[in-house]
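Step one of this worksheet: look at the structure below.
Just so you know, all these numbers are worked out from the coordinates, no wet-lab data involved. Keep in mind the model is a prediction, meaning the values are calculated, not measured. Glycine also receives a Cβ, built like all others from the backbone with ideal geometry; neighbour counts cover every protein chain displayed.
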Amino acid sequence: METAKLGKTGFDVSVVGQGCWQFGGNWGEVSNDESLGVLHAAADGGVTFYDTADVYGNGHSEELIGQFLRERRDDSLVVATKLGRRAKPLVAEAFTRENLRAWTERSLRLLGVDVIDLTQLHCPPTVVFSDAAVYDAMDELVDDGWIRNYGVSVETVEEALTALEHPGVATIQLICNVFRRKPLEQVLPAAKAAGVGIIARVPLASGLLSGRFTADTTFVATDHRTYNRNGESFDQGETFSGVPYEVGVEAAQEFAALVPEGVTPAQYALRWILDQDGISTVIPGASRATQAAANAAAADLPPLTAEQSTALAELYDRRIREYVHGRW
Ligand SMILES: NC(=O)c1ccc[n+]([C@@H]2O[C@H](COP(=O)([O-])OP(=O)(O)OC[C@H]3O[C@@H](n4cnc5c(N)ncnc54)[C@H](OP(=O)(O)O)[C@@H]3O)[C@@H](O)[C@H]2O)c1
């Protein structure tokens, strides 16, 4: 698998990484065996970058990654976690030095590591991205040897541009996919110029871009694609990329019709992201090992031609832009 420099972290990581939210209960039931199967299939496919968070399954995703690291014993594996959303309520005042240290201590314990490769502020309230004291506390965690690097995970391009002003920020995680193109305009060029890595999340628009959902598809009650479809529980942008489900299904079917033979829509969607200048790694989630293996293989596909790329831009402008472009 091709690797790329991960911003200011000093790590080179696989251009396709592995998202690990699926091991946390927000996607219906994914068993421990299935979760570990996903992790090992990704590693077998050459994936060296794994993204989790302290809140996924209230720490269960971190624990499983800890088990995976012990089973794999591979120094090339890089794990990124996130902190901040254990705050109840989720208010800026919760981002104190003491809380940031306590959350980090818990992640160190659950991952079973001495130092965390990368910790990301997990979509905190917007004002946190301008709070010098928060960055000072993160710098202190680096100085104390608890974390090697820190970055941010953001919801909007404005938050990304604010975070870019802080020199300690090594990476920015944001939603970028065929149905979410706004980061291409300003954030990707600015991050590249600043040497900051971009981690592209929700690359399949929560599975929509696999082209396998129809208007009649249902998801279990504990799946965020049921309970957060309209942003009832957290930011609507995290579910189907913020595209209304019925609109997304129809647009995804049009997208699938543009995919060349021998490639799956999910792989084509991942390849498109890898073609965007400034992307360091893309982190599809997976609930089955076969998905993780297929996603890793997307890195070997040829880049899209100019004509193929234009067709996807046209689809976005015609079907998607009005729902998402002004919002995130
Ligand atoms: N705020 C944040 O920082 C934040 C928010 C969201 C996500 N993330 C991170 O980003 C990662 C990726 O985003 P995501 O998991 O939300 O969404 P995603 O990657 O767009 O979609 C994942 C879903 O797509 C389907 N899928 C995956 N590979 C497939 C394949 N090869 N063929 C067909 N279907 C496939 C699976 O659906 P089924 O399970 O239905 O099979 C899977 O659960 C997360 O795992 C997490 O690490 C971070």
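Points to keep in mind about this one:
- Contour excess over end-to-end distance, with Cα ends at Ala133 and Asp75 and 0.36 nm allotted per residue: 17.6 nm
- Inter-probe distance in nm under a simple model that places probes 7 Å from Cα toward Cβ, at Met1 and Leu184: 2.4 nm
- Between Phe234 and Asp114, the contour length at 0.36 nm per residue exceeds the alpha carbon distance by 40.0 nm.
- The chain: translational diffusion in µm²/s, Stokes-Einstein, Kirkwood Rh over Cα pairs, 37 °C, 0.692 mPa s: 167 µm²/s
- Farthest toward positive dipole pole in the chain [+1 Lys/Arg, -1 Asp/Glu at C-beta], among Ala269, Leu100, Asn26: Asn26
- Ellipsoid equivalent to the stretch 163-278 - semi-axes via the Cα gyration tensor, in Å: 27, 19, 10
- DSSP bridge pairs, the stretch 3-324: antiparallel proportion in percent, nearest 5: 15 percent
- The stretch 3-324 - charge dipole about Cα centre, Lys and Arg +1 at Cβ, Asp and Glu -1, debye rounded to 20: 160 debye
- Degrees between helix 306-315 axis and first principal axis of the chain (Cα, 0 to 90, nearest 10): 90 degrees
- log₁₀ of I(q)/I(0) at q = 0.19, 0.21 Å⁻¹ - the stretch 74-222, Debye sum with one point per alpha carbon: -1.17, -1.31
- Here the simple spin-label model places points 7 Å from the Cα toward Cβ, and for Glu246 and Tyr323 these points are separated by 1.1 nm.
- A simple spin-label model places pseudo-atoms 7 Å from Cα toward Cβ; at Asn58 and Glu105 they are separated by 2.0 nm.
- Cβ crowding within 10 Å averaged over residues, with 198-206, 8-16 ranked highest first: 198-206, 8-16
- Computed helical MRE - 222 nm, the chain, DSSP H runs ≥ 4 contributing -39500 (n - 2.57), nearest 500: -10500 deg cm²/dmol
- Restricting attention to the chain, the count of lysine pairs at 8 or more positions apart or across chains with alpha carbons under 25 Å apart stands at 9.
- Segment Arg288-Ala194, extension gain: residue separation times 0.36 nm, minus the distance between their alpha carbons: 30.2 nm
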